[in-house]
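Heads up, the thing below is written out as structure tokens.
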Amino acid sequence: MRLAGFDIPPVALLALAVVTVALLLGLTRWKLRRSRSVSSSSPGETSLTRDIEAVMVELDRLSRQVHGRLDGKIAKLEGLIREADRRIDDLSRLSRSATGHPTIDVTLGPESTHSADSDNPEGPAAPDRKRVYALADSGMSSIEIARELGESTGEIELILALRKAKVRTQRAAV
């Protein structure tokens, strides 16, 4: 939605509406308290006061309802963003494998199939793994390593997880 030449997301407009309602509630309560202390209560004013209080209670209920819906929408949006990130990583991996860039071939279990680069037992990504290990040993997080090497965070985490599994397997064998 465009307002005064700016693109404003619907969530921001909803938040602005909630803040406006809260300010109006506060102002109404303040004026109500002030008028009670200044003037004496007549029967007409008492009815008006009850009506105003009923409206304020209803506005409070509506603002809570809007707030709850807003929280739900934010949670759904965060879930959708996580799903989109996962799909982007999947597409990135598929794109790299389709263009011939090296990928990681992982086989679980006692049997293993050899990669196309059989003269290098560590596979085509061995130098990158060593660099990932060195960066991880220097204290960098997987996100920082991924940015440094231009790889996806999922691949970096997989390389580090395989390293931990290998170390555990070697310790168990001893």
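Laid out as a table, the results:
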| quantity | calculated |
| --- | --- |
| The stretch 77-91 residues that are outside the structural domain of residue 155 (by TED's automatic domain parsing) and touching a residue at least 24 places away in the same chain (Cβ under 8 Å), paired with ones that are outside any helix (DSSP H, G or I) and among the hydroxyl-bearing types (Ser, Thr, Tyr) (beta carbon under 8 Å, 6 or more apart) | 89/152 |
| Close pairs from the stretch 136-165: first over 22 Å from residue 91 (Cβ atoms), partner of a type in the set (Ser, Thr, Tyr) and assigned to a helix (DSSP H, G or I), Cβ under 9 Å, at least 6 apart | 136/142; 160/133; 160/142; 163/133 |
| Unique match (being modelled with pLDDT of 80 or more and surrounded by 11 or more Cβ atoms within 10 Å (Cβ to Cβ)) among 146, 75 | 146 |
| Subset tally (residues that are in a loop (DSSP other than H, G, I, E, B) and over 25 Å from residue 85 (Cβ atoms)) for the stretch 126-174 | 2 |
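The values are calculated or read from the model by the stated rules, or taken from the named source; none is laboratory data. Just so we're clear, the structure is a prediction, and the values are computed from it rather than from any experiment. A quick note on method: Cβ atoms are made from the backbone with ideal geometry, for glycine too, and the neighbour counts reach across all protein chains shown.
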